[in-house]
1. For residues that are open to solvent by 50 Å² or more (accessible area, probe 1.4 Å) and touching a Ser or Thr at 6+ places or on another chain (Cβ under 7 Å), scanning just the range 52-75, find the one that is modelled with the highest pLDDT.
2. Criterion first (within 20 Å of Asp124 (Cβ to Cβ) and either open to solvent by less than 10 Å² (accessible area, probe 1.4 Å) or of a type in the set (Gly, Ala, Ser) (or both)) does Gly19 satisfy it?
3. Among the numbered conditions (1) crowded, with 18+ Cβ neighbours inside 10 Å; (2) closer than 20 Å to Leu166 by Cβ; (3) free of Cβ contacts under 8 Å to residues at least 40 places away in the same chain, tell me where Ala80 comes up short.
4. Return the total of residues in the range 1-30 being part of a strand (DSSP E or B), of a type in the set (A, V, I, L, M) and out of contact with any Lys or Arg (no Cβ under 7 Å at 6 or more places or on another chain).
5. Within the range 80-115, how many residues turn out to be within 13 Å of Phe27 (Cβ to Cβ) and of a type in the set (Gly, Ala, Ser)?
6. All but one of (1) crowded, with 17+ Cβ neighbours inside 10 Å; (2) under 27 Å from Glu167 (Cα atoms); (3) over 15 Å from the mean Cα position of the chain (by Cα); (4) β-branched (Val, Ile, Thr) hold for Val32; which doesn't?
Amino acid sequence: MSNEIVFFDLETNVPKKPGQKFWVLEFGAIVVCLRKLVELESYCTLIRPGDLSAVGVNLARCHGISRGTVLKAPGFEEVADKIFKILNGRIWAGHNVRRFDCVRIREAFKEIGRPAPEPVALIDSLPVLSERFGRRAGDMKMASLANYFGLGEQKHRSLDDVRMNLEVLKHCATVLFLESALPGVLEDQWQKHISPSITTRSRSRSNLMITEKVKNILQNAPLNNLLRHSQTLLR
């Protein structure tokens with residue numbers, strides 16, 4: 001399984017009182033082949049928290065999950081085996097996964113008195129892309145990156161977000177590959193279209209044009225060479 005990577009994401013409550021804990025409300029993951037970057041397996045489940053009062057009665061603005069949404073969902077202990085199986089012994093990946101999702105997963109397993117799954121390696125796309133791709137997409141949140149590449153709005157639901165995470169990484173790797181192939185040409189040209197904090201309609205159109213140019217170039221590029229080079233750039 002070490003040649004497979006699992007992108008995963010959690011949706012949780014947002015603690016509003018001192019001492020209030022995080023509860024996992026949804027878990028979503030996709031297993032991806034490292035050689036072809038294709039999805040091999042997926043799993044997603046809502047999770048009923050141990051304290052239902054930690055979830056609002058109304059739909060949460062961030063993820064659209066309410067108390068009623070998780071009322072009849074399984075508890076974490078009921079889905080722990082499946083979550084352990086899909087995570088343990090694989091490469092973990094996610095956006096801000098090191099500081100948030102990994103911590104919450106380990107807390108959830110500790111809560112039920114079971115050892116947590118362990119990765120063979122970890123890729124957090126937030127610091128990786130901040131360093132390699134730069135802040136051309138603004139604050140580097142997943143929603144900002146998706147908007148930069150014209151991938152649609154982030155839904156803040158686990159399975160949708162991990163699939164968007166993979167697509168964002170593919171797009172970033174492609175841009176880095178093309179810039180390395182034409183140093184000082186594409187990089188300088190694209191920097192002219194970038195505003196670090198403001199997204200305009202014209203900028204959105206230019207980003208879509210860039211994405212289309214990238215797709216056209218990719219149609220004539222050997223796929224295996226591109227993927228190998230992209231993976232090297234994102235290490």
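1. The residue in question is Val57.
2. On the way: within 20 Å of Asp124 (Cβ to Cβ): no; either open to solvent by less than 10 Å² (accessible area, probe 1.4 Å) or of a type in the set (Gly, Ala, Ser) (or both): yes.
No; evaluated as a whole, the condition is false for this residue.
3. Here Ala80 meets the rest and fails (2).
4. Of the range 1-30, the ones part of a strand (DSSP E or B) are 4-12, 24-30.
Within this subset, residues satisfying the condition of being of a type in the set (A, V, I, L, M) are 5-6, 10, 24-25, 29-30.
If we keep only those that are out of contact with any Lys or Arg (no Cβ under 7 Å at 6 or more places or on another chain) as well, we get 25, 29.
Residues meeting the conditions: 2.
5. 3
6. It is condition (3) that Val32 fails.
Per-residue answers, yes or no, for (1) of a type in the set (D, E, K, R); (2) surrounded by 17 or more Cβ atoms within 10 Å (Cβ to Cβ):
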site	(1), (2)
Gly89	no, no
Gly94	no, yes
Phe100	no, yes
Ile105	no, yes
Glu111	yes, no
Leu126	no, yes
Ser130	no, no
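The values are calculated or read from the model by the stated rules, or taken from the named source; none is laboratory data. Everything quoted here is computed from the prediction, not taken from an experiment. A quick note on method: Cβ atoms are made from the backbone with ideal geometry, for glycine too, and the neighbour counts reach across all protein chains shown. The protein model used for the area step is the full one, side chains on, heavy atoms only, and it has no ligands, DNA or RNA in it. Shrake-Rupley method; radii C 1.70, N 1.55, O 1.52, S 1.80 Å.
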